[in-house]
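This report concerns only the one structure given below.
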Amino acid sequence: MPRHPKKPRRLVADGRTYLWTLRHSHRVLDNGRSTACRQTLTLYPQPAGTGAPLRIVFAEGPGRYVPGGFPMGSGDVGYVRGGSLNVHEPGAVRALLDAASARGWQPGERQVVEVDGWPLLEAVTAAAAIDADPAC
């Protein structure tokens with residue numbers, strides 16, 4: 001039986017459990033076109049009450065893509081001429097969580113923290129390129 005797309009998924013990282021969701025949002029113009037697309041990955045430290053959520057936001061902009069589905073995957077985010085991730089993949093979520101933690105986010109934060117996902121994507125794709133380089 002397939003997973004319900006709105007049901008939070010579970011991730012265990014460094015001995016800590018998180019529930020996570022990915023949501024796409026945008027404004028619809030009078031002509032019916034979408035604008036200001038965003039993918040928001042939200043991680044909820046568990047058990048509930050042990051920390052506030054971390055929101056990693058990918059907002060569309062020049063040279064960036066944040067599609068809501070066809071013809072690309074609904075979880076894809078990336079640069080037109082650069083790195084990309086499918087944020088529906090648990091490995092991508094783990095890599096983004098690790099990058100946010102490396103930049104100072106702590107799972108015990110008491111207020112919701114919202115961060116720009118683009119610098120995290122750059123860090124994740126740069127690390128993946130180094131890992132894939134056989135000369136390193």
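Each reported figure results from applying straightforward, stated rules to the coordinates on display, with no laboratory input. Remember, it's a predicted structure, so these values are computed and weren't measured experimentally. Backbone-built Cβ (ideal geometry, glycine too); neighbour counts: all protein chains shown.
Please list 38-46, 87-95, 99-107 highest first by mean number of surrounding beta-carbon atoms within 10 Å per residue. Could the numbers behind the result be given before it?
Working: 38-46: 20.1, 87-95: 17.7, 99-107: 15.1.
By packing density, highest mean first, the sequence is 38-46, 87-95, 99-107.
Go through 108-114, 50-56 and give me the packing order, highest mean Cβ count within 10 Å leading.
50-56, 108-114
For a protection proxy built on the mean count of beta-carbon atoms within 10 angstrom, sort 80-86, 117-123 highest first, please. Intermediate values should be presented prior to the final figure.
On the way: 80-86: 14.1, 117-123: 19.4.
Packing proxy ranking, top to bottom: 117-123, 80-86.
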Suppose each label sits 7 Å from its Cα in the direction of the beta carbon; what would the residue 6-residue 31 distance come out to in nanometres? 3.1 nm
